[in-house]
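S.K.: Please find one structure pasted underneath; my questions will follow.
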Amino acid sequence: MLCQCVFGQNADSKETQVRAAKGLPPRATPADYQSHAQAGAATLAAEFMGHSVATPEAIFSTEDYVVVEVGIFGAPEARLKLSFEDFSLRMNGKKAPLPAQPYGLVFKSLKDPDWSPPAPPEGKSKTSFGGLSGGKNDDGSPVVPVHMPIELVHIMEQRVQRAALPEGERVLPEAGLIFFPFRGKTDSIRSLELTYTGPAGKATLALQP
């Protein structure tokens with residue numbers, strides 16, 4: 001019985017790794033998102049995620065961008081050329097919408113809420129984060145900036161890269177995250193409209209802030 005349990009756990013782990021390697025899986029139907037609309041023969045679906053960057057493995061955050069999870073559905077084996085550049089986001093009815101940005105720009109502000117810096121040595125109670133310097137510890141020594149280990153940073157970035165909307169011609173359904181520059185609090189957002197203008201046609205989706 002033990003061997004069977006271990007085998008099952010390993011199998012589940014491998015399946016999870018395979019799904020993660022392929023990126024963000026689309027939800028079962030367009031109705032499983034906040035909003036959906038037709039663009040030609042394709043159905044676009046989307047949900048506003050705020051400053052959260054949800055990947056299959058972990059949820060990260062960014063103060064400089066807001067995130068929209070999109071799913072694109074079509075007939076079986078239908079293909080469509082995808083690009084983040086086909087999307088824009090209108091906030092609070094402003095005339096100029098925000099253009100979607102490459103996922104790589106998000107890396108500078110990406111944070112892992114589950115990561116905690118190591119405890120300071122005994123007798124030292126102050127810490128500097130994010131490369132900021134200045135101040136002194138209780139013993140008079142200068143504060144040493146604390147950074148997330150580079151290997152953890154790379155893992156975080158790779159996960160976000162895989163979860164981002166894939167580029168190029170793809171077999172539907174597909175899904176992924178798209179990013180829009182916004183440093184404010186999401187509480188200040190009263191209305192959201194996601195617009196798609198691409199090879200499938202045009203569609204506007206009203207999202208819930």
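The values are calculated or read from the model by the stated rules, or taken from the named source; none is laboratory data. Here the structure is a predicted model, which means the values were calculated and not measured. Because the Cβ atoms are built from the backbone with ideal geometry, glycine has one as well, and the counts that use them run over all protein chains shown.
S.K.: Residues of the range 166-194 being of a type outside the set (D, E), surrounded by fewer than 19 Cβ atoms within 10 Å (Cβ to Cβ) and either touching a helix residue (DSSP H, G or I) at 6+ places or on another chain (Cβ under 9 Å) or assigned to a loop (DSSP other than H, G, I, E, B) (or both), which ones?
M.R.: Result: P166, P181, R183, G184, K185, I189, R190, S191.
S.K.: So which strands (runs of 3 or more DSSP E) stay within the range 39-150 end to end and still have 3 or more residues that are closer than 18 Å to E174 by Cα and modelled with pLDDT of 95 or more?
M.R.: Per the criteria, 42-50, 65-73, 79-82.
S.K.: Which of (1) touching a Lys or Arg at 6+ places or on another chain (Cβ under 8 Å); (2) without any contact (Cβ under 8 Å) to a residue 60 or more places away in the chain; (3) closer than 14 Å to Q161 by Cβ does F107 not meet, given it meets every other one?
M.R.: (1)
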